[in-house]
Every structure is written in C-alpha cells, then in structure tokens.
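Asker: Take a look at the following structure, please.
The values are calculated or read from the model by the stated rules, or taken from the named source; none is laboratory data. This is a predicted model, so every value here is computed, not measured. Ideal geometry is used to build each Cβ from the backbone, glycine not excepted, and the neighbour counts take in all protein chains shown.
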Amino acid sequence: MRRTVKWIRALSVALAVTAAGAAPAQAAQRPVPGVAWQAKATGSDARFRGLAAVSRSTAWVAGTKGTVLLTRDGGGHWRDVSPPGAGALEFRDVEAFDARHAVVLAIGEGEASRIFRTADGGAHWTESFRNTDPRAFYDCLAFFDHRHGIALGDPVDGRFRVLATADGGRTWRLLPPAGMPAAQPGEAAFAASGQCVVTSGTRDAWIATGGAAASRVLHSADRGRTWTAAATPVPAGDPARGVFALAFRGGRGLAVGGDYRAGQPSERAAAVSADGGRSWRAADEPPAAYRSGVAWLPRGRATAVAVGPTGSEITTDGGRTWRGFDTGSYDTVACAPDGGCWAAGEKGRAARLGAAPRPQGSGR
C-alpha cells in the first residue's frame, strides 16, 4: 500500500507540473505522460458497465448476459461468480464492500429490474428485489456505508423512484415520492456506468439526469428522502444527451456526459461544482467526446479520470481542464481507497491504472 500511495502522489505531482506548463489551447490535446490503462484479460466477451473497485488487488465487474466476475489478484485471474439462471439479465451496476459482500443491479422494464446480493464472494446469491411495476425501470444503485444504500429508477407518475435499504441490500423499500421534485418531460437517468446515482459521506446522494430540455443534478442530504434540483451546462434536449455520470468528494462534484450516439458531437461534456451540487459551471477544457464514467483519484486532491467509448482523460485541477491519455473503449471507472483505479467496458475489457511503460532507449 505504501508503494501505491507513493506512486499516486508522484503521478499527481507530475501531471500537475505538466499541465501547468502546457498552453491552455493545447492542454486537452496533448497526451499525458506517465499514466496508462494496463489491460487485464477477463476471458469474457461481456460488456461491463458495472464496476466496484475494492482495492488494487480486488475488483468486481458486472455486465451483459448476467455476467459477474471477481478478481483478487490485481486482474491476473478472474472468477466467474455470476448468479445462476441470470443469463438473460443485463447487469449495469455492482457495489462491493470487500471480496465477499457485493450487490448487483439488473436493468429493464418490469421484472427485468432486479437486485441480487452475495455474502460469500459470489458462491451463493439471493434475489433481494424484483420490480413488479411494468412502468418502472431501475438504472443504478449506491451505498452510504455497509448497511445503507439506495437504488434509482426512472420517473413514474412524474417523479424519479428511489428504493432504500438499511441492511446491506437484504431488503428494499420504496421511498415516498413526495420528497422528489417533479421530473421534466422526457427526463431520465442513464444506465451507462453505474454512476447515475452516487454518494459521499453517510447521508448525501446525487442523481444525474438527461433527455429533457435541461440536464440536471438532484441532491439529497437525508439518504434519499428529500431532493433538490440544479441545472447543469451539459447539453440535453434529446433522449441521447445529458449527464451520464457523477463523482463527488465532499462538496466538490464532477459531471460528465454528452451524446452517446457514435459520431455525434458532445460539446460541454463536463461540468464542475464547488458547492455540493447546488450550482454547476462548464469545464474550461472538457473531454474530447462523450464520457460515461468519472472517478476521483483517492490520493490526488484535484485529480480525476473520465472514460468513454472513444477514450479517457485525466484532470489535475478539479475538473476545469481535461487531457487525453488513452483511446481505448471503456464505459465505467472506479477507484479504491488504497489508490487502485479500475476501468471496464465492451468485449470483456478490464484494466487498472498504472505507470505508462518507458520508451525503449529512454534510460532511467
């Protein structure tokens, strides 16, 4: 762990120095030295949009065809721990507390939306929630601690739906809709990376939205019982556009998104908040295209990573400017407290963030 912390701190300093020396107009285009995704073969062809980073050695991924994989050796080997009989389900989120306890969410209309829980590393699973309302569609989930968590569903009767658990995902209850502001026409959340609802601390949660006239971020300070809404500068106005993912560290927030359709422009694909999500401003230099996942690096005070199908960027100034460092396709990203950052995506892709290899002949 000491070696990991040292590397993350050194990386953050090096990136900050490089960014400070770059011309503003060029910073987003120049490659970032010293950082790279290191691919970890999973042996699967599933598309992984659910990812839980427990540590540098332990991570869970969840995706298509009811697939859930677990590694405990830094991605050297992955064990298929998929729930039995789940092959027709689309897992889009996984939240894990350690190598034994995890909760996964399957999306879809009606009974396709389900939640499963394991307490023995995937050897056995229990279905703890199955949606019985044909109008409901659940997108993502998040936990405040080992016991308390929420799951987000798209609007029904004009308001987003929120499930809550107080026993680590064993049971779930629908929270009263009265504390939720009215949804805009066409507004929804995107089940793209498991980051359409996120938490920070023991009570605060945020929801990312799109599809309506304006993209918004909803905030709750009481574990999902009541919410307030704030508009963001990330373009919406179309079912394919809006905020897709959030990351918060205390009151500092990052929002990324854009237009997920291939080849479509995604101007102003990132925004930042300095007041807990009450207000948002566009990034000065946003990512180059649509991005579906974002995560703060745990040891870099103002450093975060964003990923999407066409590449990855890093920021060292709290989200004001983003610089590309990889062109591979990833849908989701997560960082563990010990500094281990992971990404996952299509065709069974999984990777861990590390130091870029030195060019041959570069010396020490």
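Asker: Among the residues of region 73-95, write down those that are in contact with a Phe, Trp or Tyr (Cβ under 6 Å, 6 or more places away or on another chain) and either under 16 Å from THR42 (Cβ atoms) or among the charged types (D, E, K, R) (or both).
Answerer: VAL94, GLU95, listed by residue number.
Asker: Check GLY149, GLY168, GLY194 and return the single one that is over 29 Å from ARG216 (Cβ atoms) and crowded, with 18+ Cβ neighbours inside 10 Å.
Answerer: One residue alone meets the criteria, GLY168.
Asker: Name the one entry in ARG225, ARG261, ARG268 that is touching a helix residue (DSSP H, G or I) at 6+ places or on another chain (Cβ under 6 Å), surrounded by fewer than 24 Cβ atoms within 10 Å (Cβ to Cβ), modelled with pLDDT of 95 or more and charged (D, E, K, R).
Answerer: From the options ARG225, ARG261, ARG268, the qualifying one is ARG225.
Asker: Suppose we filter GLY300, GLY319, GLY263 for residues that are assigned to a loop (DSSP other than H, G, I, E, B), without any contact (Cβ under 8 Å) to a residue 12 or more places away in the chain and over 27 Å from LEU163 (Cβ atoms); which single one remains?
Answerer: It is GLY263.
Asker: So if I check each of GLY186, GLY179, which one is surrounded by fewer than 17 Cβ atoms within 10 Å (Cβ to Cβ), under 17 Å from VAL243 (Cβ atoms), among the small types (Gly, Ala, Ser) and touching a residue at least 40 places away in the same chain (Cβ under 8 Å)?
Answerer: Checking each option against the conditions leaves just GLY186.
Asker: Any idea which residue in region 65-111 is nearest to GLY340 (Cα to Cα), counting only those that are β-branched (Val, Ile, Thr) and part of a strand (DSSP E or B)?
Answerer: Only one residue tops the list, namely THR71.
Asker: Consider VAL234 against the criteria (1) crowded, with 24+ Cβ neighbours inside 10 Å; (2) of a type outside the set (Gly, Ala, Ser); (3) within 19 Å of ASP93 (Cα to Cα): it satisfies all of them except one. Which criterion is unmet?
Answerer: Unmet condition: (3).
Asker: For region 209-252, give me each residue that is within 26 Å of ALA166 (Cα to Cα), of a type in the set (S, T, N, Q) and outside any strand (DSSP E or B).
Answerer: Scanning region 209-252 gives THR209, THR226.
Asker: If PRO298 satisfies every condition in (1) crowded, with 24+ Cβ neighbours inside 10 Å; (2) within 16 Å of LEU254 (Cα to Cα) but one, which is the exception?
Answerer: (1)
Asker: Checking HIS146 against (1) free of Cβ contacts under 8 Å to residues at least 40 places away in the same chain; (2) on the phi < 0 side of the Ramachandran plot, which test does it fail?
Answerer: (1)
Asker: Got at least one residue in region 210-219 being buried (at least 17 other Cβ atoms within 10 Å of the Cβ) and among the charged types (D, E, K, R)?
Answerer: yes
Asker: Between ALA350, ALA306, ALA336, which is at pLDDT 95 or above, out of contact with any Cys (no Cβ under 8 Å at 6 or more places or on another chain), crowded, with 23+ Cβ neighbours inside 10 Å and closer than 18 Å to ARG56 by Cα?
Answerer: ALA350
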